[in-house]
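Engineer: Right, I'll just put the structure down here and ask away after.
The values are calculated or read from the model by the stated rules, or taken from the named source; none is laboratory data. These numbers were taken from a predicted model, which means no experiment stands behind them. Don't worry about glycine lacking a Cβ; one is built from the backbone with ideal geometry, like all the others, and counts go over all protein chains shown. With ligands, DNA and RNA removed, areas are computed over all heavy atoms of the protein, side chains included. Shrake-Rupley method; radii C 1.70, N 1.55, O 1.52, S 1.80 Å.
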Amino acid sequence: MKMNGAKILLECLKLEGVDTIFGYPGGTVINIYDELFSFKDIHHILPRHEQAGVHAADGYARATGKVGVALATSGPGATNTVTGIATAYMDSIPLVVITGQVPTALIGNDAFQEVDIIGITRPCTKHSFLVKDVRDLATIVKEAFYIARTGRPGPVLIDLPKNVQVATTEFKYPDSVEIRGYKPTIEGHPKQVEKAVEMLLTAKKPVIYVGGGVILANAAEELTALARKLNVPVTTTLMGLGSFPETDPLSLGLLGMHGTYYANMAMTDCDLLLAIGARFDDRVTGKIATFATHAKIIHVDVDPTSIKKNVRVDLPIVGDVKDVLKQQLKFIEERADKVREFKQAIEPWLKEIDGWKAKHPLTYKQSTSVIKPQYVIQKLRELSDEDAIIATDVGQHQMWTAQFFGFTRPRTLLSSGGLGTMGYGLPAAMGAQAAFPDRQVIAICGDGGFQMNLQELATLVQNRLPVKICILNNNFLGMVRQWQELFFDKRYSSTCMELPIDFIKLAEAFGATGLQATKPDEVEATIKRAFNTPGPVLMEFKIAREEKVLPMVPAGASLNEMVLNA
Amino acid sequence: MKHTIAVLVENEFGVLSRVAGLFSGRGFNIDSLSVAPTNDETISRMTIVTRGDEQILEQITKQLNKLIDVIKVIDFTDESAIERELALIKVSAEDESRAEVLRIVDIFRAKIIDVTAKSYTIEATGAPAKIDAILELLRPLGLKELVRTGSIAIGRGAKGWKG
């Protein structure tokens, strides 16, 4: 059937299983919006800023595992998507971002609202397409979704000129994709996997170090099975939280700059490091020269460029993490005797780790007069549903959440790890809530990050998305203030927010409910009230203003050089 | 260490900027780059001369392979490939130096492709080291202008990379 480009785009999205898109209209996408007006199969949510639209699509993608879709007009609409795209790129989140573009005849003429968005986003997209001919559109959309979700996932941008949206052609969606330059390795090399298992079973002090790749590959179950079968302790990055239940005694929690004492000690002293779907980020390794110096390193990753990028690797395995873990489990099944010996051999190591856990557990000093942020996080865990989805912003509250929430399920933490984007939390929660209207979705924010996208309160109220927002308000840009306190002689340059905002009135101005707690004994009641109030609720907790995130590995220091009390 | 890499890419707009952007964004060096379509007009071939230790070279080839538009990456080691470069050289040639230029051109099996009363323009081809050598001899005589194509390379032996 003959259709115009705008309609073809929507039909393609529908065939890709897209049920929700986050978009903002404008001159060069008005034709798409005109088709959307009568298109019943796709639910469109209008954010109040394109950046928030992309973060919402990202939150939707992280929570569901599906490809998130965002739409923006050309020029400023397109440039507003850049932070959202870069955020998704750094954390390998599958997105398809569609931008309108001026008509092909005007491209390069500095036309009204023209910008070279392909050029601007080239370093932060997995791939991008400029559609010049409506006859290529269906194939390009198919390829975009395929590239976004396969291999190491990532954002793909489609720049769609206005005249292509208007032009008509016969619509036929291709059945399959064939890109000669793109053949991601799925299956781990069986010989390498077997070697890895042999290597693992000779270790005396093994640690499994898990990143977001395990969550992206939906391999939490296989990972948990492997760790439990072998009794090997597991530490996760921020992106890996939820892939292994933190309630399990084998869990070492978070590692790295704000990781637990025992995770960082285990990383430093281990003799074998099994890295799965992680990329040895500088926030994780600390000083490279002293990182896991005694360890043989096995690195499993779907992206060959991650391997040997930052650290030496003794045994690389390129492949889909789920597939490799399954293979490892099979090889382990075949080696029951060796596994028994191995478990005995690592007993002293587990005892050593227990000693570290007892010596320096993750803790904070409780107070009866002022609210401690860690206490709020613990209460949130206690009072929320087991499958609640938590989105965070970036900064102290993010680290307190990572340390004290105790994640037990994959895809329940949405957080900007790689790019560290303030303003991510609220719109990401919005995207997750749009995907799961009946689940509890909580945005944990600092007062700084919240103000970067607070306009989305309007979107929540308009679309009846009952996100519960928890602001840990210290009236500071807390993480930078912490650095200034520790490393810059308490010279709090531009980190005090000074103006006290009435967050209750702010929530009410948008038609949401606002609650406030100023004392520790009000915390529980406030959370309960928020959870029992229908619709979006903003909770403000006035927290201890100069509370620090500890432990902390100073930037550039070794992992075992943690500041435990300061 | 110097390395010559051949990259087969989709012959489409924007591919060159993806490759160049990869090098600049990750701090890799490009000593020279030459690109043109191959026998298969849907494929272009780039020859990139770059520098770095083994780890950097491994990252360069892996990162190139990761680009969707890159079809094949061939990292030539010194012995496995033949490298050639073409240079157009405009040199002063007056009085006694006219004969000297001709002698040098002859020794290097280069060609004079344009003549004026005051200059010669020379076409020289060869391995990059040979171009360097002829330039060294011509420079004292008054080099007026120089254009080099950058290296192109092809593997030795019967095996050919289609495209």
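Engineer: Within the stretch A:248-264, identify whether any single residue is open to solvent by 10 Å² or more (accessible area, probe 1.4 Å), modelled with pLDDT of 95 or more, assigned to a loop (DSSP other than H, G, I, E, B) and out of contact with any helix residue (DSSP H, G or I) (no Cβ under 7 Å at 6 or more places or on another chain), and answer yes or no.
Structural biologist: yes
Engineer: Further, regarding this structure: So which residues in the stretch A:283-329 are within 14 Å of another protein chain (Cβ to nearest Cβ), assigned to a helix (DSSP H, G or I) and touching a strand residue (DSSP E or B) at 6+ places or on another chain (Cβ under 9 Å)? First the steps, then the outcome.
Structural biologist: Step one: of the stretch A:283-329, the residues within 14 Å of another protein chain (Cβ to nearest Cβ) are A:288, A:299, A:301-313, A:316, A:318.
Filter once more, so that each one left must be assigned to a helix (DSSP H, G or I): A:288, A:304-306.
Once the filter is applied, which keeps residues that are within 14 Å of another protein chain (Cβ to nearest Cβ), assigned to a helix (DSSP H, G or I) and touching a strand residue (DSSP E or B) at 6+ places or on another chain (Cβ under 9 Å), the stretch A:283-329 yields A:Pro304, A:Ser306.
Engineer: Continuing with the same structure: Taking helices (runs of 4 or more DSSP H) that do not extend beyond the stretch A:98-192, which have at least 3 residues that are in contact (Cβ under 8 Å) with a residue 40 or more places away in the chain, surrounded by fewer than 17 Cβ atoms within 10 Å (Cβ to Cβ) and away from chain B (no Cβ under 11 Å)? Walk me through it before giving the result.
Structural biologist: Working: elements: A:117-121, A:137-149, A:162-166.
Passing ranges: none, list empty.
Engineer: Across the stretch A:324-368, what is the total count of residues that are open to solvent by less than 80 Å² (accessible area, probe 1.4 Å), under 30 Å from A:Met552 (Cβ atoms) and among the basic types (Lys, Arg)?
Structural biologist: Final tally of qualifying residues: 1.
Engineer: Just to be sure I understand, how many residues within the stretch B:51-86 are at the interface with another protein chain (Cβ under 9 Å from one of its Cβ atoms) and open to solvent by 30 Å² or more (accessible area, probe 1.4 Å)? Break it down into steps so the answer makes sense when it comes.
Structural biologist: So in the stretch B:51-86, the residues at the interface with another protein chain (Cβ under 9 Å from one of its Cβ atoms) come out as B:55, B:58-59, B:62-63, B:65-72.
Those left that are additionally open to solvent by 30 Å² or more (accessible area, probe 1.4 Å): B:55, B:58, B:62, B:65-67, B:71-72.
Residues flagged as at the interface with another protein chain (Cβ under 9 Å from one of its Cβ atoms) and open to solvent by 30 Å² or more (accessible area, probe 1.4 Å) within the stretch B:51-86 amount to 8.
Engineer: Also: Looking at (1) open to solvent by 60 Å² or more (accessible area, probe 1.4 Å); (2) within 30 Å of A:Thr150 (Cβ to Cβ); (3) more than 10 Å from chain A (Cβ to nearest Cβ); (4) not aromatic (Phe, Trp, Tyr), which is the only condition B:Asn29 fails?
Structural biologist: The number of the failed condition is (2).
Engineer: Let me confirm something: among B:Ile89, B:Ile48, which residue is under 30 Å from A:Val156 (Cβ atoms), open to solvent by less than 40 Å² (accessible area, probe 1.4 Å) and not in a helix (DSSP H, G or I)? Break it down into steps so the answer makes sense when it comes.
Structural biologist: Values: B:Ile89 fails: under 30 Å from A:Val156 (Cβ atoms).
B:Ile48 is the lone residue from the list that is under 30 Å from A:Val156 (Cβ atoms), open to solvent by less than 40 Å² (accessible area, probe 1.4 Å) and not in a helix (DSSP H, G or I).
Engineer: May I ask you to say which residue of A:Gly431, A:Gly406 is in a loop (DSSP other than H, G, I, E, B) and touching a helix residue (DSSP H, G or I) at 6+ places or on another chain (Cβ under 6 Å)? Write out each step before concluding.
Structural biologist: Details: A:Gly431 fails: in a loop (DSSP other than H, G, I, E, B).
Just a single option satisfies the conditions, and that option is A:Gly406.
Engineer: Out of curiosity, is B:Glu136 more than 21 Å from B:Thr77 (Cα to Cα), open to solvent by 90 Å² or more (accessible area, probe 1.4 Å) and part of a helix (DSSP H, G or I)?
Structural biologist: Numbers: more than 21 Å from B:Thr77 (Cα to Cα): yes; open to solvent by 90 Å² or more (accessible area, probe 1.4 Å): yes; part of a helix (DSSP H, G or I): yes.
Yes: the conditions hold for B:Glu136.
Engineer: Something else about it: Among the listed residues B:Ser97, B:Ser119, B:Ser80, B:Ser92, identify the single one that is without any contact (Cβ under 8 Å) to a residue 40 or more places away in the chain and either within 30 Å of A:Ile307 (Cα to Cα) or among the hydroxyl-bearing types (Ser, Thr, Tyr) (or both).
Structural biologist: Numbers: B:Ser97 fails: without any contact (Cβ under 8 Å) to a residue 40 or more places away in the chain; B:Ser80 fails: without any contact (Cβ under 8 Å) to a residue 40 or more places away in the chain; B:Ser92 fails: without any contact (Cβ under 8 Å) to a residue 40 or more places away in the chain.
Within the list B:Ser97, B:Ser119, B:Ser80, B:Ser92, the selection yields B:Ser119.
Engineer: Given (1) within 27 Å of A:Thr125 (Cα to Cα); (2) touching a residue at least 40 places away in the same chain (Cβ under 8 Å), identify the lone condition not met by A:Gly420.
Structural biologist: Failed condition: (2).
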